[in-house]
Amino acid sequence: MTALRRTPLADLHEDLGARMVPFAGYEMPVQFALGVMKEHLHTRTAAGLFDVSHMGQVIVRGDDYAAGARAMEALVPVNLEGLAEGRQRYGFFTNDAGGIRDDLMMANRGDHLFAVVNAACKADDIAHMRAHLAGCDVEEITDRALLALQGPEAERVLEALVPGVAAMRFMDVGVFASDFGELWISRSGYTGEDGYEISVPADEAAALARALLAADAVEPVGLGARDSLRLEAGLCLYGHDIDTETTPVEARLAWAIQKVRRRGGAREGGFPGAERILAELEGGAPRARVGLRPEGRAPMREGTPLFAAAEGGSPVGHVTSGAFGPSVEAPVSMGYVPAEHAVEGTLLHGEVRGKRRPVRVASLPFVPARFKR
Amino acid sequence: MKYTEEHEWLRPEDDGTVVVGITQHASEQLGDVVFVELPEAGTNVAKDDEIVVIESVKAASDILAPLDGEITEVNEALVDDPAKVNEDPLGDAWFFKMKPGDPSQMDDYMDEAAYKEFVG
């Protein structure tokens, strides 16, 4: 077993009283002094600061942006050639069976493409890109930390330190000179709130974090609340809600596949698993990811089997993420069910500790997104 | 007051019943409690039966019956307001009262000094 890696903010987390846990090979804060519930609520009402430095930051450099984007389009079913400079898009690496290898953010930064990938997948992703992006240089950025500042106060707080960020729209990216070195900022995040992700030189990261935390509105937030925030926002966690066995159409992520990559589009297909994914885009998938609202207060957690009837029968699906939603003030889950059960309001039964409890299919997200479009 | 290695506290009452809750240490380790499922009053239980389910923001855990006996009363207020377990674990947030079959089972448990040493 290899030693856990530490992010440039690990010492700061410990100073702030974080409870540290192993996550994707890193020692990460699961919660700070406030605790998961208050950290979650604080992010929705003011602003939360998250350390997401464990995620992979990758630069793909071809002869120019378009060359890198064209090469990358062979791995992701996303319109990258049509992505404007200074803009970012969500997407996923697919496999030959149409499953998802990882999900990621990709940005057009003028002369190159910048990607942010999941911590647990980053070594595989980088090897995958190096193996398939002919003529491109794939560089993992290891001398930068990544912070996320999320919540309705994020704009005001960051603008005071980095003038200009208030003018960004959701999914804009930009490079800003600052007292903390060159910052690579996107107006995005994974909580359903407005906010920013900030790539900062590793040796400036703690100073930037302390400057952000100095604002009354900002509290440090751990992985526990990050998980409940993204779940309420209906966002997928890789390895749980999506994986190599789920297709983008089953996962209800078809919105991320632009027309130009679909059947009849100018650059139709040309990515791993295209045959299955293009067919499902037209004909539908046999199962779907849905929101689930358990009745009562008992959370239905990952792995909970779902049944059509209160008694008897085999499971029709299962929960892939589930927790108590602090903002919803009720348990919320996501899971996969056959298409015929994937209709909002459908009554199902989740088996918790040997007892079937009623749960209804619900629309996602559980809380409305508050992005600055 | 007695304490178990499962981080429960047991407080004998004058009427011979024993009130059971979880310690401050346990409530801090659990994190924010969001769901509590209690047994029914009148249930006969054996020591180490799983009789209460607590779900926190992190995970589900059980509370074991610390003694053989009969559950005489449960704290229904926790079902509606599970956060009480974090706010006042040693007071308002007791879980159940039980009438022990063999009160001498209490002797196996730690006193406050021993428990303090146990949690370090």
Once both label points are put 7 Å beyond Cα along the C-beta direction, the A:ARG87-A:ALA24 separation in nm becomes 2.6 nm
Please give the average number of partner chain Cβ atoms lying within 10 Å of the Cβ of each residue in A:319-326, rounded to a whole number.
-> 2
Using alpha-carbon coordinates alone, the radius of gyration and Dmax of the stretch B:28-114 in Å work out to 13.3, 36
Which value in nm describes the separation of the simple spin-label points at A:LYS372 and A:GLU340, placed 7 Å from the Cα toward the beta carbon?
-> 4.8 nm
How much length is gained if the chain between A:ASP143 and A:ARG263 is pulled fully straight, taking 0.36 nm per residue apart and subtracting their Cα-Cα distance, in nm to one decimal?
-> 39.1 nm
Per GNM of chain B with C-alpha springs under 10 angstrom, the most fluctuating residue out of B:ASP68, B:ASP108, B:ASP15 is B:ASP15
Efficiency of FRET from Cβ geometry, B:MET110 and B:GLU28, R₀ 30 Å, rounded to 0.05 = 0.95
Of the DSSP H helices in chain A, the ones reaching 24 Å or more along their long axis in Cα terms and averaging at least 1.0 in Kyte-Doolittle hydropathy are none
Note to self: C-alpha centroids of the stretch B:68-96 and the stretch A:257-289 sit apart, in Å, by 53 Å
For the stretch B:5-58 and the stretch A:184-211, write down the distance between their C-alpha centroids in whole Å.
-> 42 Å
Tell me the label-point distance for the pair A:ALA123, A:GLU329, using the 7 Å Cα-to-Cβ offset, in nm and rounded to one decimal.
-> 4.6 nm
Other residues with Cβ under 13 Å from the Cβ of A:ASP172 give, with Lys and Arg +1 and Asp and Glu -1, a net charge of +3
How much net charge surrounds A:GLU153 when only other residues with a Cβ under 11 Å from its Cβ are counted (Lys, Arg +1; Asp, Glu -1)?
-> -4
Over the stretch B:56-100, equivalent-ellipsoid semi-axes from the Cα gyration tensor in Å = 20, 13, 9
Which FRET efficiency value, to the nearest 0.05, do you get for A:ARG169 and B:GLU6 by plugging their Cβ-Cβ distance into 1/(1 + (r/R0)^6) with R0 = 56 Å?
-> 0.60
Consider just the alpha-carbon atoms of the stretch A:274-346 and return their Rg together with their Dmax, both in angstrom.
-> 13.9, 42
For the protein assembly as shown, what number results from the quotient of the Cα radius of gyration and 2.2 N^0.38 Å?
-> 1.09
Grab the beta carbon distance between B:GLU117 and B:ASP48, set R0 = 30 Å, and tell me the FRET efficiency rounded to 0.05.
-> 0.80
Taking B:TRP9, A:TRP255 and counting other C-beta atoms within 10 Å, the order from fewest to most = A:TRP255, B:TRP9
For a label point 7 Å from the Cα of B:GLU40 along Cα→C-beta, name the residues of the stretch B:67-82 whose backbone N is under 15 Å from it.
-> B:71-74
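The numbers here are math on the coordinates, done by the rules we state, and not lab data. Computed from a predicted structure; not experimentally measured. Reconstructed Cβ throughout: ideal geometry from the backbone, glycine too, with neighbour counts over all protein chains shown.
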